[in-house]
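Novice: Could you have a look at this structure, given as structure tokens, before my questions?
The values are calculated or read from the model by the stated rules, or taken from the named source; none is laboratory data. The shown structure was predicted, so the numbers you read here are calculated from the model rather than taken from an experiment. Cβ atoms come from the backbone with ideal geometry, glycine included; neighbour counts cover every protein chain shown.
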Amino acid sequence: MSEALPFDEYLELPNWRARTVDIEAYKRFWRTTVEDFVGFWEKEARNLEWFRPWDRVLESGEHPFVFKWFVGGLLNISYLCLDRHAKSWRRNKVAYIWEGEPVDGDGRPLSTRKYTYYELYREVNRLAHVFLSLGLRKGDRAAIYLPMIPELPITMLALARIGVIFTVVFSGFSAENLAIRVNDLGAKVLVTADGFYRRGRLINLKEVVDKAVESTDVEKVVVVKRAGNEVSMKEGRDFWLHDLLRTVPENVSVEPEPLDSTHPLYVLYTSGTTGKPKGIIHDTGGYAVLLNSTMKWVFDIRDDDVYFCTADIGWVTGHSYIVFGPLMAGATIVMYEGTPDYPTVERWWQIIERNGVTIFYTTPTAVRMLMRFGNEPVQKHNRSTLRIIHSVGEPINPAAWKWLFEVVGERRCPVGSTWWMTETGGILISHLPGLMLTPLKPGTNGLPLPGIDAEVVDEKGVVAAPGQRGYLVIRKPWPGMLGPPTGMWKEPERYRQVYWEKVNGVFFTGDYAVKDVDGYIWVAGRADEVLKVAGHRIGTYELESVLVSHAAVSEAAVVGVPDEIKGETPVAFVVLKSGYQGGNETAEQLIKYVRETYGAIATPSSILFVSKLPKTRSGKIMRRVLRAVATGGSLGDLTTLEDEAAVDEVKESYEQLLKEVRRGR
Ligand code: 6R9
């Protein structure tokens, strides 16, 4: 976003639960937690219920930079999310309020479902029983390809209960993307649904699965009936979930497996700069500790809260902050199947009003999209229950922040932008209304959390001066970080290279950031070839691979260009094979191909046909040139060339490319 960072603009909520503190007071406290981060996290870990306490808080693993947290400790996250509450007064407290997307003639949801903690506990036990009877055992792997329906968290919890390592694949991903993940993890069982609703359209999910499993070793496919659409079931491989459940005794109980703190809970694939997606491993104990603490500090979660996170569980935000975090906290969680603009842009505000939502966690892209429709659709609905608002996924521009603060939250609620990533497991930089709230500033991420040594540095690890851009790094291990045995699934070496080599010996996040005079961190965006399109993380390399797999394409390079709503969108430069013609028709074909082969989230905003890609002598694509051409901008300061190309060379290829692209338009 182009707005300057308003470093000097403070907003205070002086009456915020009387726990507002000045910045220095927080920093003094924070310093003590970072100096003794091991002791600090040990204290936090005591807030959880363990089957057996740990012998050591932190230990190095078998591979460099793979750390083990709470070694010797035994626990089970499904126990923490369910059994504990089912045994307490929370037994009949509502855990999930789910709303399907389709509405009736009056705009009311056609289907809603509610699960108390006890009901959820029972459903998870029954499903765990089903998984055991399908032959799944501790250490086995399963894949989940489900839309936003209650069976998704239920499946995650049931697998966690028996120690099966799972991966959730976003339901908007293509068959190819699903197969890559299933194969990499070696999943034996896949859980999916017949179909679901998105923006009023029925999506036939099972059809995608049928295409994907052909090229995998999946033995069994469990299918949830959600939409009732026609699907084909392969004898001996595909099973309806309701059929499998029919034979399970109503009150069956499956003991939660006592798992090592270091046991992988799940693997979540995310985009990197090269190669196939990275399988990020999260452990059980460290992950649970970070989520438990952040639910308190960031969301100030209390028993009378109604918590609504608008993310999709297919991404890490949903894993941590729709499923494990809020369930451990015993919260009432609102879960919605569809899009914010169906049937109208009032949908989220209706959901907030209908359920008395108190905590709202959303994304900048959605906010920018909804802002365009003015304040009326929001103000028509009662939001007086709201008390905390946060956003996540990409930098929030001050205008969008102010809209959340002034219009949605009526200047009553602290509004934050929680920084974290798939790799960190949970929030690491944020305003902390549940702990000590420092003054708010529109657009900042705030100060690092207790125990988190986040810093902005240059390539050598030297701390950047206030206001100066640098790399965001985390200088001490934290619970929730990539877990044993290998950090990245089966790729310990890649794990070390990607995260620990760029700035020697500290964790490199891949983000650019600025720290202001108060120590507040402002993450500016990715410093690598990873895009954030509407908050979705996509590697340019992945899109390039998809494009060159098309018969007409010889070479392709993708760059991100700023977009007012989505933050950024991909633009593709394509060199066609001889005999193929550029033009609108080919561009449309390629766009359609990307949607089918990758998923709609990666749709390029434009395709530019060129005769060759600008490259350095060593063959590296000059992305700076591409970016300048795609945005119609200038080349910028050429004295800090990131690649080894000569200045003249860069200028020349820029001029040439610009001419060519203009001619093509
Ligand atoms: C949780 C999630 C991680 C990348 C991260 C950064 C960007 C996330 C942000 C933010 C600015 C925030 N990011 N939250 N940038 N302010 N509050 O999004 O995980 O999908 O792995 O993406 O998202 O660039 O590096 P993931």
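Novice: Given (1) surrounded by fewer than 23 Cβ atoms within 10 Å (Cβ to Cβ); (2) closer than 30 Å to ILE452 by Cβ, identify the lone condition not met by PHE373.
Specialist: Going through the list (1) surrounded by fewer than 23 Cβ atoms within 10 Å (Cβ to Cβ); (2) closer than 30 Å to ILE452 by Cβ, PHE373 breaks only (2).
Novice: Name every residue in region 596-622 that is assigned to a loop (DSSP other than H, G, I, E, B) and under 30 Å from VAL208 (Cα atoms), in order of residue number.
Specialist: Here is the first cut: in region 596-622, the ones assigned to a loop (DSSP other than H, G, I, E, B) are 598, 603-605, 610-614, 616-620, 622.
Once the filter is applied, which keeps residues that are assigned to a loop (DSSP other than H, G, I, E, B) and under 30 Å from VAL208 (Cα atoms), region 596-622 yields TYR598, THR603, PRO604, SER605.
Novice: Which of the residues belonging to region 419-455 are more than 16 Å from the chain's Cα centre (by Cα), β-branched (Val, Ile, Thr) and within 13 Å of the ligand (Cβ to nearest atom)?
Specialist: THR444
Novice: Which numbered condition trips up LYS441, out of (1) over 30 Å from ASN183 (Cα atoms); (2) touching a Ser or Thr at 6+ places or on another chain (Cβ under 9 Å); (3) buried (at least 22 other Cβ atoms within 10 Å of the Cβ)?
Specialist: Among (1) over 30 Å from ASN183 (Cα atoms); (2) touching a Ser or Thr at 6+ places or on another chain (Cβ under 9 Å); (3) buried (at least 22 other Cβ atoms within 10 Å of the Cβ), the lone unmet condition for LYS441 is (2).
Novice: Moving to a separate point now. Quick check: is even one residue across region 568-581 of a type in the set (Val, Ile, Thr) and either in a helix (DSSP H, G or I) or within 16 Å of the ligand (Cβ to nearest atom) (or both)? Can you show your working first?
Specialist: Residues of region 568-581 that are of a type in the set (Val, Ile, Thr), as a first pass: 569, 571, 574-575.
The next check asks that each one be either in a helix (DSSP H, G or I) or within 16 Å of the ligand (Cβ to nearest atom) (or both); those that pass are 569.
The answer is yes, given that some residue of region 568-581 is of a type in the set (Val, Ile, Thr) and either in a helix (DSSP H, G or I) or within 16 Å of the ligand (Cβ to nearest atom) (or both).
Novice: For a quick check of your reading of the model, give me the residue pairs whose first member lies in region 128-142 and is without any contact (Cβ under 8 Å) to a residue 24 or more places away in the chain and farther than 25 Å from ASP184 by Cβ, whose second is surrounded by 22 or more Cβ atoms within 10 Å (Cβ to Cβ) and among the small types (Gly, Ala, Ser), with beta-carbon atoms closer than 7 Å and at least 6 apart or on different chains.
Specialist: none
Novice: Only one of (1) of a type in the set (D, E, K, R); (2) over 24 Å from LEU127 (Cα atoms); (3) buried (at least 18 other Cβ atoms within 10 Å of the Cβ) is not met by GLU214, so which one is it?
Specialist: Failing condition for GLU214: (3).
Novice: What are the residues in region 504-518 that are modelled with pLDDT under 95 and not charged (D, E, K, R), if any?
Specialist: Correct list: ASN504, GLY505, VAL517.
Novice: Quick one: PRO395 ticks every box in (1) within 23 Å of the chain's Cα centre (by Cα); (2) surrounded by fewer than 19 Cβ atoms within 10 Å (Cβ to Cβ) bar one, so which box is it?
Specialist: With (1) within 23 Å of the chain's Cα centre (by Cα); (2) surrounded by fewer than 19 Cβ atoms within 10 Å (Cβ to Cβ) applied to PRO395, the lone miss is (2).
Novice: Then there's this: Give me a count of the residues in region 461-507 that are over 19 Å from the mean Cα position of the chain (by Cα), within 20 Å of ILE427 (Cα to Cα) and of a type in the set (Ser, Thr, Tyr).
Specialist: Residues flagged as over 19 Å from the mean Cα position of the chain (by Cα), within 20 Å of ILE427 (Cα to Cα) and of a type in the set (Ser, Thr, Tyr) within region 461-507 amount to 1.
Novice: Kindly provide the set of residues from region 543-557 that are in contact with a strand residue (DSSP E or B) (Cβ under 8 Å, 6 or more places away or on another chain) and not in a helix (DSSP H, G or I), ordered by number.
Specialist: Initial filter on region 543-557 (in contact with a strand residue (DSSP E or B) (Cβ under 8 Å, 6 or more places away or on another chain)): 543-544, 547-548, 552-557.
The answer is ALA552, VAL553, SER554, GLU555, ALA556, ALA557.
Novice: Follow-up question, since we're still on this one. Within region 366-407, track down each residue that is closer than 14 Å to GLY567 by Cα, of a type in the set (Ser, Thr, Tyr) and away from the ligand (no atom under 11 Å from the Cβ).
Specialist: Of everything in region 366-407, nothing turns out to be closer than 14 Å to GLY567 by Cα, of a type in the set (Ser, Thr, Tyr) and away from the ligand (no atom under 11 Å from the Cβ).
Novice: Between VAL357, VAL392, VAL367, VAL378, which is out of contact with any Gly (no Cβ under 9 Å at 6 or more places or on another chain) and within 13 Å of GLY535 (Cβ to Cβ)?
Specialist: Values: VAL357 fails: within 13 Å of GLY535 (Cβ to Cβ); VAL392 fails: out of contact with any Gly (no Cβ under 9 Å at 6 or more places or on another chain); VAL378 fails: within 13 Å of GLY535 (Cβ to Cβ).
Only one candidate qualifies: VAL367.
Novice: Check GLU493 against each of (1) surrounded by fewer than 21 Cβ atoms within 10 Å (Cβ to Cβ); (2) part of a helix (DSSP H, G or I); (3) within 16 Å of the ligand (Cβ to nearest atom); (4) of a type outside the set (Phe, Trp, Tyr) and name the one condition it does not meet.
Specialist: GLU493 satisfies all of (1) surrounded by fewer than 21 Cβ atoms within 10 Å (Cβ to Cβ); (2) part of a helix (DSSP H, G or I); (3) within 16 Å of the ligand (Cβ to nearest atom); (4) of a type outside the set (Phe, Trp, Tyr) except (3).
Novice: Tell me the residue from THR216, THR192 that is of a type in the set (S, T, N, Q) and either assigned to a loop (DSSP other than H, G, I, E, B) or farther than 30 Å from ASP341 by Cβ (or both), please.
Specialist: Details: THR192 fails: either assigned to a loop (DSSP other than H, G, I, E, B) or farther than 30 Å from ASP341 by Cβ (or both).
Among THR216, THR192, only THR216 is of a type in the set (S, T, N, Q) and either assigned to a loop (DSSP other than H, G, I, E, B) or farther than 30 Å from ASP341 by Cβ (or both).
Novice: Output the residues belonging to region 502-527 that are more than 9 Å from the ligand (Cβ to nearest atom) and within 20 Å of LEU268 (Cβ to Cβ).
Specialist: PHE507, PHE508, listed by residue number.
Novice: Now a separate question. Given the criteria surrounded by 22 or more Cβ atoms within 10 Å (Cβ to Cβ), in contact with a Leu (Cβ under 9 Å, 6 or more places away or on another chain) and either outside any helix (DSSP H, G or I) or of a type outside the set (A, V, I, L, M, F, W, C) (or both), does ILE154 qualify? Steps first, answer last, please.
Specialist: Details: surrounded by 22 or more Cβ atoms within 10 Å (Cβ to Cβ): yes; in contact with a Leu (Cβ under 9 Å, 6 or more places away or on another chain): yes; either outside any helix (DSSP H, G or I) or of a type outside the set (A, V, I, L, M, F, W, C) (or both): no.
So ILE154 does not fit the description; no.
Condition check ((1) closer than 27 Å to TRP349 by Cα; (2) touching a Gly at 6+ places or on another chain (Cβ under 9 Å)) across all residues:
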{"residue": "TRP54", "(1), (2)": "no, yes"}
{"residue": "ARG84", "(1), (2)": "no, yes"}
{"residue": "ASN92", "(1), (2)": "yes, no"}
{"residue": "TYR96", "(1), (2)": "yes, no"}
{"residue": "GLU119", "(1), (2)": "no, no"}
{"residue": "HIS129", "(1), (2)": "no, no"}
{"residue": "ARG137", "(1), (2)": "no, yes"}
{"residue": "MET148", "(1), (2)": "yes, yes"}
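Novice: OK, next. Among the residues of region 528-542, write down those that are more than 8 Å from the ligand (Cβ to nearest atom), under 17 Å from the mean Cα position of the chain (by Cα) and either in a strand (DSSP E or B) or not aliphatic (A, V, I, L, M) (or both). Reasoning before the result, please.
Specialist: Keep residues of region 528-542 that are more than 8 Å from the ligand (Cβ to nearest atom), which gives 528-529, 531, 533-534, 538-542.
Imposing the further condition that a residue be under 17 Å from the mean Cα position of the chain (by Cα) reduces the set to 531, 533-534, 538-539.
The answer is LEU531, VAL533, ILE538, GLY539.
Novice: In region 35-47, what residues are of a type outside the set (Asp, Glu) and either outside any helix (DSSP H, G or I) or in contact with a helix residue (DSSP H, G or I) (Cβ under 8 Å, 6 or more places away or on another chain) (or both)? Step through it out loud before you land on a result.
Specialist: Within region 35-47, the subset of a type outside the set (Asp, Glu) is 37-41, 43, 45-47.
Across region 35-47, the qualifying residues are PHE40, TRP41, ALA45, ARG46, ASN47.
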